[in-house]
Amino acid sequence: MLASVLADADALMALETTHPGCVGQVVGEAWREALGEPISSGTTAPHPAGLRAWMEWLGACVVVLLQRAGIAVFETAEVLHLSRWERGQPVRITLLLPVMPGREDATARAWLLVLELFGGAFQGAEATRLHECLHRGLESLRRLAPRGGNTPRFLRAAHELGIPVMALAFEGYQYGHGARAQWLESTLTLQTPGLAVALARDKLASAARLRQAGLPVPAHQAVSGADEAVRVASRLGYPVVVKPVDRDGGLGVSVGLETEDEVRAAFAGASAVSARVLVEKHVVGRDYRLTVLDGKLLWAIERIPAGVIGDGVSTVEELVARENRDPRRGDGPHAALKRLALDDEARRLLAVQSLAADAVPACGQEVRLRRIANVNGGGRPVAVNERVHPDNAALAVHAVEALRLDLAGVDLLIPDIARSWRETGAAICEINAQPQLGATTAPHLYGEILRSRLGGDGRIPIVVILGDAGSPALSELFVMQLRRRGWAVGWCDRRGAGVDDEWLVRDGGIFASGQVLLTHPRVDALVLAIHDDELLQTGLPMDRFHWLVLAGDAVEPRFASGQRAGGSGSGSKALLDGLLTSLLPACSKRVLFVEGSGFSRVGPAQGGMAACAFEEIERERLLDALEQFPA
C-alpha cells in the first residue's frame, strides 16, 4: 500500500533545537503502557533531522500495531521516495506499508493512529492520554482481524512459500491464480462438502452416523430441561458430560459431572449458548486430537488440561502467574495458548484436590484447573504423532471418511494412544469439520496443506505487454499462440477482458478485469495489455508476473495530467518512468523490449531487475520467443 505523506520539516527542525528526543520519549511511555513492550526494540526515536529514519520508524510502528491486532502482515515498511528538503516547504515522502489482503482499511487506520499519537506528542500531550488513544485504536484494529487462528497462519505460510493470495467476498481467501487456485475459509476447502460440514456440526447426528458406521461413540441423549438432564444422567450412570449439540471449541461443555447439582448447573451453562443440549456418558481416557487430510493421518496431539506443576516452594497462585508470563499465552483469538485463570471452576477443582490458591503443591505434583482439555480453556497440546498406534490412526481415518470430510479433527478418548483401541477401548467424542490446527506443535501443517492442495505455488503463466499500438495487437497474437498449447487464456486490453473467445468485461480497467480473470476457475494463462496509466493509481492486480514485453510508448494519461506518453515533453517521460518503476520489480522471469519501440535505452539498472533476463527482440520473433514461455 502506498502512502504519500507530507512531513513538516520546519516543525521537526524546531523540535530538534527545543526538545530533542521528547516525542520518542512520550510516545514510548504510552507504547510500553498499552502494549507492554518497548516501541522499537528498546531504542529511542530517531533524530528529528533524519526524515527518512523518522518515516521508517513510523512505518515500523504501523507494522507492530497491525501484528498485535491480529492483522496478517509479514513485511516491513519501506520508504520509496524522499523529495529534496527546502526550508519552509513540506517534504513529500512516499512510504510503502504492508497490507493484509482484504484488510486494506486496517493499514490505513493503523497509519492514522500512529500519526495521531505522534501529532499528540508534538503538541505536548501526556503519556496517559496517548495510552488511552493507543488502546482504543488497537481495539478498533482487532475488530478487523480475521476470526480464529487458522487464517493468519495460512497467510503466513503462503507468504513464505511465494503463493499469491486474494481476498474473496467473505471470510475466505483464494490461494493461487486461475485454474490452479484453491479457496480456503479457515480449514474449510473447496473439497469439503457442505452436507458433511452440517452433519459434523450436529453432535447428535454425527454420532448416529459414526455408530451406523460401526465406530465407537459414547452413549448420550438430547434433553430439553434440567430435570430431564438429571434423569438421563442417572440412567446413563455418573460421571456424565453435558454439552451443546451444535457448538465447537469446548463452548458450554462440562465434563466429569458427579452430582445432580453439577448436572443442573452444567445444563444452565450449555443452554445459555444453544437451544439444543445433550447428556453423555463420561468416558475415562486421555484426550487426543487426530487431524486427518485426504484419507491419511496428518498430525496427532494430546491435549493436557489447564494446570500447573508444583515446585514445593511456590503457591498455586504464583505458579499460575508464572505460567501466564509465557509469551505464547494470551487472551485473543490468535494466541497460541490461552491464559490460565483462577476462577470459580478452578477453585472448585482445587478444593477437590485438597488445595487452595495460596497452597504450596509438592514438587512435581500436577494441579488441574480445568476438567476439559480444550486448548481454548487453557489446555496445552503435546505432539504424539510418532506414538500413534496404526489401529488408532485407521480409526480416525475411518471416522472422517464416514462423514465424507476431506480435512477434519477427530477427538478421541483413549487410555493410551500407543495401544490399539481394540485392546483398551476408546470413544470418538466429536469430529470437527473446521479444526484449529494450532501454532504450538504444528505450524508446519499450514504450508503442507497449501502444497497438497495447490501442487506448487499456484501461479499461472502471466505476460504483461506495455504500450502496444501495432496491428494486429500483440496481445491478440499472444492469446492465439498460447491457446495452441491447449490452454484457456485470459486476456485484458483496451477492449475489455475475456477468456479465449468469450467476453467477460467491457471497459472494466486493468485492475478490476485482472481480478476477474485471476479468480476465474478456467484460466490457465493470462495476457494483460497496458495502454494507460491506471496501474499508477490502483497497482497491478497481481504481485508478480513472468514476462514483460515493452512494445511501445503508446500509453494514455487517463489519470495524470500532461501529454500523451508517446509525445515529447517531461510529462510523457515521467509517465513512462512511473509505469516502468511499477512493472519492472514485479517481473520475475524475462523482460523483452521490441526493437524500435523506444525502450532500447531501458537497462537492467532501472527498476531493480537483477532477477530478470533482459533482451531486445524483433517484433516478428516475439511469437517464436513464446515457445520458451513458462508452462
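The values are calculated or read from the model by the stated rules, or taken from the named source; none is laboratory data. Just so you know, these numbers come straight off a predicted model, no measurement behind them. Because the Cβ atoms are built from the backbone with ideal geometry, glycine has one as well, and the counts that use them run over all protein chains shown.
Since Arg485 meets every condition but one in (1) assigned to a loop (DSSP other than H, G, I, E, B); (2) touching a helix residue (DSSP H, G or I) at 6+ places or on another chain (Cβ under 9 Å); (3) surrounded by fewer than 19 Cβ atoms within 10 Å (Cβ to Cβ), which condition does it not meet?
Of everything listed in (1) assigned to a loop (DSSP other than H, G, I, E, B); (2) touching a helix residue (DSSP H, G or I) at 6+ places or on another chain (Cβ under 9 Å); (3) surrounded by fewer than 19 Cβ atoms within 10 Å (Cβ to Cβ), Arg485 misses just condition (2).
For the structure I just gave you, tell me whether Trp547 is on the phi < 0 side of the Ramachandran plot, among the aromatic types (Phe, Trp, Tyr), crowded, with 23+ Cβ neighbours inside 10 Å and not in a loop (DSSP other than H, G, I, E, B).
Working: on the phi < 0 side of the Ramachandran plot: yes; among the aromatic types (Phe, Trp, Tyr): yes; crowded, with 23+ Cβ neighbours inside 10 Å: yes; not in a loop (DSSP other than H, G, I, E, B): yes.
Here the answer is yes, as Trp547 does meet what is asked.
Of the conditions (1) part of a loop (DSSP other than H, G, I, E, B); (2) under 22 Å from Tyr175 (Cβ atoms); (3) small (Gly, Ala, Ser), Gly470 satisfies every one except a single condition; which number is it?
(2)
Are any of the residues in the stretch 268-277 assigned to a strand (DSSP E or B) and under 32 Å from the mean Cα position of the chain (by Cα)? Quick ask: steps written out before the conclusion?
Just the residues of the stretch 268-277 that are assigned to a strand (DSSP E or B), to begin with: 277.
Filter once more, so that each one left must be under 32 Å from the mean Cα position of the chain (by Cα): none.
No, the conditions are met nowhere in the stretch 268-277.
Quick one: would you say Asp500 is touching a Pro at 6+ places or on another chain (Cβ under 9 Å) and either loosely packed, with under 15 Cβ neighbours inside 10 Å or farther than 30 Å from Ala207 by Cβ (or both)? Let's see the steps before the verdict.
Values: touching a Pro at 6+ places or on another chain (Cβ under 9 Å): no; either loosely packed, with under 15 Cβ neighbours inside 10 Å or farther than 30 Å from Ala207 by Cβ (or both): yes.
Against the criterion (touching a Pro at 6+ places or on another chain (Cβ under 9 Å) and either loosely packed, with under 15 Cβ neighbours inside 10 Å or farther than 30 Å from Ala207 by Cβ (or both)), Asp500 does not qualify.
Are any of the residues in the stretch 424-437 acidic (Asp, Glu), outside the structural domain of Ala586 (by TED's automatic domain parsing), under 32 Å from the mean Cα position of the chain (by Cα) and at pLDDT 95 or above? Even if it seems obvious, please write down each step before you answer.
Going residue by residue through the stretch 424-437, those that are acidic (Asp, Glu) are 430.
Next, from what is left, pick out any that are outside the structural domain of Ala586 (by TED's automatic domain parsing): 430.
With the extra rule that they be under 32 Å from the mean Cα position of the chain (by Cα), the set shrinks to 430.
So of that shortlist, the ones also at pLDDT 95 or above come out as none.
No, because not a single residue in the stretch 424-437 is acidic (Asp, Glu), outside the structural domain of Ala586 (by TED's automatic domain parsing), under 32 Å from the mean Cα position of the chain (by Cα) and at pLDDT 95 or above.
Do we have Val505 as under 19 Å from Gly176 (Cβ atoms), surrounded by fewer than 21 Cβ atoms within 10 Å (Cβ to Cβ) and hydrophobic (A, V, I, L, M, F, W, C) here?
Working: under 19 Å from Gly176 (Cβ atoms): no; surrounded by fewer than 21 Cβ atoms within 10 Å (Cβ to Cβ): yes; hydrophobic (A, V, I, L, M, F, W, C): yes.
Answer is no for this residue.
For a quick check of your reading of the model, give me the residue pairs whose first member lies in the stretch 303-316 and is in contact (Cβ under 8 Å) with a residue 12 or more places away in the chain and within 14 Å of Lys338 (Cα to Cα), whose second is surrounded by 15 or more Cβ atoms within 10 Å (Cβ to Cβ) and polar (S, T, N, Q), with beta-carbon atoms closer than 9 Å and at least 6 apart or on different chains.
Short answer, once both residue conditions are applied: Arg303/Asn374; Pro305/Asn374; Ala306/Asn374; Val308/Ser314.
Over 30 Å from Tyr446 (Cβ atoms) and buried (at least 16 other Cβ atoms within 10 Å of the Cβ): which single residue out of Ala373, Ala346, Ala335, Ala356 fits that description? If you could, list the steps in order and put the result at the bottom.
Values: Ala373 fails: over 30 Å from Tyr446 (Cβ atoms); Ala335 fails: over 30 Å from Tyr446 (Cβ atoms); Ala356 fails: buried (at least 16 other Cβ atoms within 10 Å of the Cβ).
Being over 30 Å from Tyr446 (Cβ atoms) and buried (at least 16 other Cβ atoms within 10 Å of the Cβ) holds for just one of Ala373, Ala346, Ala335, Ala356, which is Ala346.
Sort through Val283, Val308, Val263, Val255 and tell me the only one that's closer than 14 Å to Arg371 by Cβ, aliphatic (A, V, I, L, M) and part of a strand (DSSP E or B).
Details: Val283 fails: part of a strand (DSSP E or B); Val308 fails: closer than 14 Å to Arg371 by Cβ; Val263 fails: part of a strand (DSSP E or B).
The unique qualifying residue is Val255.
Considering Val279, Val316, Val263, which residue is in contact with a Pro (Cβ under 9 Å, 6 or more places away or on another chain) and over 29 Å from Thr189 (Cα atoms)? Reasoning before the result, please.
Details: Val279 fails: in contact with a Pro (Cβ under 9 Å, 6 or more places away or on another chain); Val263 fails: in contact with a Pro (Cβ under 9 Å, 6 or more places away or on another chain).
Within the list Val279, Val316, Val263, the selection yields Val316.
Considering only residues that are touching a helix residue (DSSP H, G or I) at 6+ places or on another chain (Cβ under 9 Å) and farther than 25 Å from Leu251 by Cα, look in the stretch 378-397 and name the one that is surrounded by the fewest Cβ atoms within 10 Å (Cβ to Cβ).
Ranking the candidates gives Asp391 first.
Please go through the stretch 186-231 and pick out each residue that is loosely packed, with under 15 Cβ neighbours inside 10 Å, polar (S, T, N, Q) and within 30 Å of Arg422 (Cβ to Cβ).
Within the stretch 186-231, just Gln212 meets the criteria.
Picking from Leu445, Leu477, Leu504, which residue would you name as being under 22 Å from Pro164 (Cα atoms) and either among the hydrophobic types (A, V, I, L, M, F, W, C) or in contact with a Lys or Arg (Cβ under 6 Å, 6 or more places away or on another chain) (or both)?
Values: Leu477 fails: under 22 Å from Pro164 (Cα atoms); Leu504 fails: under 22 Å from Pro164 (Cα atoms).
Exactly one of Leu445, Leu477, Leu504 is under 22 Å from Pro164 (Cα atoms) and either among the hydrophobic types (A, V, I, L, M, F, W, C) or in contact with a Lys or Arg (Cβ under 6 Å, 6 or more places away or on another chain) (or both), namely Leu445.
Spot the failing condition for Gly458; the list is (1) out of contact with any helix residue (DSSP H, G or I) (no Cβ under 8 Å at 6 or more places or on another chain); (2) buried (at least 21 other Cβ atoms within 10 Å of the Cβ); (3) not β-branched (Val, Ile, Thr), and only one is missed.
If we test Gly458 against (1) out of contact with any helix residue (DSSP H, G or I) (no Cβ under 8 Å at 6 or more places or on another chain); (2) buried (at least 21 other Cβ atoms within 10 Å of the Cβ); (3) not β-branched (Val, Ile, Thr), just (1) comes out false.
Leu477: crowded, with 19+ Cβ neighbours inside 10 Å and not in a loop (DSSP other than H, G, I, E, B), yes or no? Steps first, please.
Details: crowded, with 19+ Cβ neighbours inside 10 Å: no; not in a loop (DSSP other than H, G, I, E, B): yes.
In short, no.
Consider Asp344 carefully, then state whether it is without any contact (Cβ under 8 Å) to a residue 24 or more places away in the chain, under 24 Å from Gly438 (Cβ atoms) and of a type in the set (Asp, Glu).
Details: without any contact (Cβ under 8 Å) to a residue 24 or more places away in the chain: yes; under 24 Å from Gly438 (Cβ atoms): no; of a type in the set (Asp, Glu): yes.
Taking the combined requirement at face value, the residue does not satisfy it.
Do you know which of the residues in the stretch 269-311 that are at pLDDT 90 or above and among the acidic types (Asp, Glu) is surrounded by the most Cβ atoms within 10 Å (Cβ to Cβ)?
The selected residue is Glu280.
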